[in-house]
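Note sheet for the following structure.
The values are calculated or read from the model by the stated rules, or taken from the named source; none is laboratory data. In this text, all values refer to a predicted model and were calculated from it rather than measured experimentally. As a convention, Cβ positions derive from the backbone with ideal geometry for all residues, glycine included, and neighbour counts pool all protein chains shown. Just the protein is used for accessible areas: all its heavy atoms, side chains included, with ligands, DNA and RNA removed. Shrake-Rupley method; radii C 1.70, N 1.55, O 1.52, S 1.80 Å.
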Amino acid sequence: QVQLVESGGGLVQPGGSLTLSCAASGIAFSRYTLGWYRQAPGKQRALVATFTWVDSTKYSDSVKGRFTISRDNAEKTGYLQMNNLKPDATAVYYCRATHYGLDYWGKGTLVTVSS
């Protein structure tokens, strides 16, 4: 059974930091591209960052320089370190693992940036 389980969401003040985790099971995690997406209230789901199995990372312009994607293949866990958070980062964050025709999503974790 393939599972991706996000954790680490919660309430954080503007300018604060938060780290999200994505625990994978049932897949050869090291072969998959890890992706983080987010969906803000009333908006479409958008790409935040990706980390391929060949160690290439990409970030959306909105988070570049403030967010860091990483992974621990031995632990089958992906991470998203979020720094200098702004209110517009409030969203449900989703973990995604892809490998060619294989595509799996987690159920999401809510991040709320507010004073």
Exercise. Residues in segment 3-13 that are open to solvent by less than 50 Å² (accessible area, probe 1.4 Å) and part of a strand (DSSP E or B): how many?
Worked result: 4
Problem set entry | Selected residue [surrounded by 13 or more Cβ atoms within 10 Å (Cβ to Cβ), within 14 Å of the chain's Cα centre (by Cα), farther than 28 Å from Gln13 by Cα and hydroxyl-bearing (Ser, Thr, Tyr)] from Tyr93, Tyr79, Tyr104, Tyr59 | Tyr104
For this session: Looking only at segment 89-113, count how many residues are over 15 Å from Gly26 (Cα atoms) and out of contact with any strand residue (DSSP E or B) (no Cβ under 8 Å at 6 or more places or on another chain).
Result: 2
For this session: Please verify whether segment 35-50 includes one or more residues that are in contact with a Leu (Cβ under 9 Å, 6 or more places away or on another chain) and open to solvent by 70 Å² or more (accessible area, probe 1.4 Å).
Result: no
